[in-house]
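Visitor: Encoded as structure tokens, here's the structure I'll be asking about.
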Amino acid sequence: MSVHHAISKHSEKQHAIVKKFLELDQKREAYIEKAIELCKKGLPFSTEDINAVTKEMNELRSTGIVNSLPERKYVTVEMVKEYVEK
């Protein structure tokens with residue numbers, strides 16, 4: 001494998017990690033918005049989906065390329081309720 005090919009392959013892999021992280025971030029935000037909407041309506045909601053994505057994002061951070069981004073915090077039902085009450 002040439003050096004150029006190896007660098008290109010490495011760069012593609014890093015780009016894929018960054019892209020995945022950003023996709024997960026959007027997914028997480030959508031889950032948070034959904035929980036907020038349900039809470040505002042007084043309907044039951046869960047933070048399981050939010051935290052599953054959070055876990056995946058934080059695991060991606062450990063790969064190195066996105067570790068400069070802040071670690072995402074796990075969300076509790078109480079946190080959503082407090083946010084809605086403000």
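Since every read-out is calculated from the coordinates, none of them should be taken as a lab result. Everything numeric in this text was worked out from a predicted model, so none of it was measured. Neighbour counts run over all protein chains shown; Cβ positions are idealised from the backbone, glycine included.
Visitor: Quick one: P(r) of the chain from all Cα-Cα pairs, 5 Å bins, percents rounded to integers, in order of increasing distance.
Guide: 3, 14, 21, 17, 13, 11, 8, 5, 3, 3, 2, 1
Visitor: Given Lys19/Lys81; Lys55/Lys86; Lys34/Lys86; Lys20/Lys86; Lys27/Lys86; Lys19/Lys55, which pairs have Cα atoms separated by over 22 Å?
Guide: On the way: Lys19/Lys81 31 Å; Lys55/Lys86 27 Å; Lys34/Lys86 17 Å; Lys20/Lys86 32 Å; Lys27/Lys86 24 Å; Lys19/Lys55 16 Å.
The pairs that break the limit, which is 22 Å between Cα atoms, are Lys19/Lys81; Lys55/Lys86; Lys20/Lys86; Lys27/Lys86.
Visitor: Using alpha-carbon pairs under 8 Å, 6+ residues apart, how would you state the relative contact order of the chain in percent?
Guide: Numbers: 58 pairs, mean separation 26.8, N = 86.
Relative CO of the chain lands at 31 percent.
Visitor: Divide by every residue of the chain the summed helix terms, -39500 (n - 2.57) for each DSSP H run of at least 4, and state the resulting mean residue ellipticity at 222 nm, rounded to the nearest 500 deg cm²/dmol. The partial results should precede the final answer.
Guide: Numbers: 3 runs with 61 residues, N = 86.
When only DSSP H runs of four or more count, the value is -24500 deg cm²/dmol.
Visitor: Also: Ranking Ile32, Ile50 by Cβ neighbours within 10 Å, fewest first, what do you get?
Guide: Values: Ile32 19, Ile50 24.
Neighbour counts put them in this order, fewest first: Ile32, Ile50.
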